[in-house]
Amino acid sequence: MMRAAVVKVPGPAESLQIAEVSDATPGEGELSIEVRFAGVGFVDTLFRAGAFGLPTPFVPGIEVTGHVREVGAGVSEFTVGQPVGALLNDFGRGVRAGGYAEIAVAHASMTIPLPEDADLARVAGVLVNGVTAWMSLHHLARLRVEDDVLVLGASGGLGGIASRLAAVHPASRVIGVVGSDAKRPFVADECTDVIVGADLAAMVDEMTDGRGVDVIVDPVGGELRGQAFERLAPFGRLLVLGNASGQDRALSGDAAFYGTRQVMGFSLGGVAHLVPDQVRTALAAVVGLTHRGVLREPAPSVVPLTDVAEVHRALENRSASPKTVLAIGA
């Protein structure tokens, strides 16, 4: 038996219960991991609340680091005891997740080996957001060194790492957008400019002499999405990566046509099983940049598994640190 944070009935943060459940065991093409750290993200609160209709009981957690416990049939590239990082959001293969537990099962194609001296807590905090940002900027936006990038929700976990990766590329300019002045201290230093959402239209017009920006990274949605879309330069790309606002504003097809603008969506969990090579390439890139200190993601907050409900509440009321990981195993 193993400890896990389990959702038996979807609902508020209190729905997460620490319980003893059967050990997770790997099937063909899979491996089990003795979890050391599990990342916590806003999407986990949606899983817990029942937004995606996943069957229960359900263990959230879509990114983990730890050591290989057991390898399943057909897996030859990993060995027991090896440090690894893994994504558990390949939902196209069936229900996965399971990171908030002492043992998690991952598909081999969603797992990469880690250096023996890797900071497992720091790596656990960059996996999902890092891969999402990397694949969006490289495979969808096809980011160029002359591009101006506008990042909505720049003080959050996904917005922050997207800002840093865009700067590392490097983009010409990275403009971070925050909800209020109080959020400015949480924006990546790599942002060349920071603006408050209420000033978005006027500030972007001023900064770009009315031309607009080339790439918009948008995990936020709502009114800001509409305002940002209207300030895309010709051949500009809007990357829809989430809807934290809960407001899915309609965009004009005619505006895309007349303005020569592109709108692209990306849901890692929906396509990961279809593009495993791209996922592993992104995993290796993000982990490598983090381990070498090129991607200067701040250290995550580390809390015990028993505090998971408190972390979920903080995420929902927007008071959480940019990234939190759960300390699970020894």
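Key figures for this structure:
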| item | result |
| --- | --- |
| Residues that are under 18 Å from Ala228 (Cβ atoms) and open to solvent by 30 Å² or more (accessible area, probe 1.4 Å), drawn from the stretch 140-155 | Leu140 |
| Test for Phe235: is it at positive phi, out of contact with any Gly (no Cβ under 8 Å at 6 or more places or on another chain) and touching a residue at least 24 places away in the same chain (Cβ under 8 Å) | yes |
| One residue from Gly99, Gly85 being touching a Ser or Thr at 6+ places or on another chain (Cβ under 6 Å) and in contact (Cβ under 8 Å) with a residue 40 or more places away in the chain | Gly85 |
| Residues within the stretch 172-209 that are among the β-branched types (Val, Ile, Thr) and open to solvent by 30 Å² or more (accessible area, probe 1.4 Å), tallied | 2 |
| Failed item, numbered, when Ile161 is tested on (1) touching a Pro at 6+ places or on another chain (Cβ under 7 Å); (2) under 23 Å from Ala320 (Cβ atoms); (3) not hydroxyl-bearing (Ser, Thr, Tyr) | (1) |
| Condition met for Gly160 (assigned to a helix (DSSP H, G or I) and within 17 Å of the chain's Cα centre (by Cα)) | yes |
| In the stretch 286-297, residue modelled with the highest pLDDT [restricted to those that are surrounded by 14 or more Cβ atoms within 10 Å (Cβ to Cβ) and under 26 Å from Gly179 (Cα atoms)] | Leu295 |
| Test: Ser319 is under 30 Å from Arg3 (Cα atoms), free of Cβ contacts under 8 Å to residues at least 40 places away in the same chain and outside any strand (DSSP E or B) | yes |
| Among the candidates Val325, Val294, Val302, Val308, residue that is part of a loop (DSSP other than H, G, I, E, B) and aliphatic (A, V, I, L, M) | Val294 |
| Filter result (without any contact (Cβ under 8 Å) to a residue 40 or more places away in the chain and either outside any helix (DSSP H, G or I) or in contact with a helix residue (DSSP H, G or I) (Cβ under 9 Å, 6 or more places away or on another chain) (or both)) within the stretch 191-209 | Thr192, Asp193, Ile195, Val196, Leu200, Ala201, Asp209 |
| Criterion: under 18 Å from the mean Cα position of the chain (by Cα) and closer than 16 Å to Ala124 by Cβ - qualifying residue of Gly92, Gly66, Gly39 | Gly39 |
| The lone exception for Arg313 - which of (1) open to solvent by less than 30 Å² (accessible area, probe 1.4 Å); (2) not in a loop (DSSP other than H, G, I, E, B) it fails | (1) |
| Spans of strands (runs of 3 or more DSSP E) in the stretch 210-285 with at least 3 residues crowded, with 20+ Cβ neighbours inside 10 Å | 213-218, 232-240 |
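The values are calculated or read from the model by the stated rules, or taken from the named source; none is laboratory data. Treat the numbers as computed from the prediction; the structure is a model and nothing was measured. Neighbour counts run over all protein chains shown; Cβ positions are idealised from the backbone, glycine included. For the accessible areas, the whole protein counts, side chains as well, though only heavy atoms, and no ligand, DNA or RNA atoms are used. Shrake-Rupley method; radii C 1.70, N 1.55, O 1.52, S 1.80 Å.
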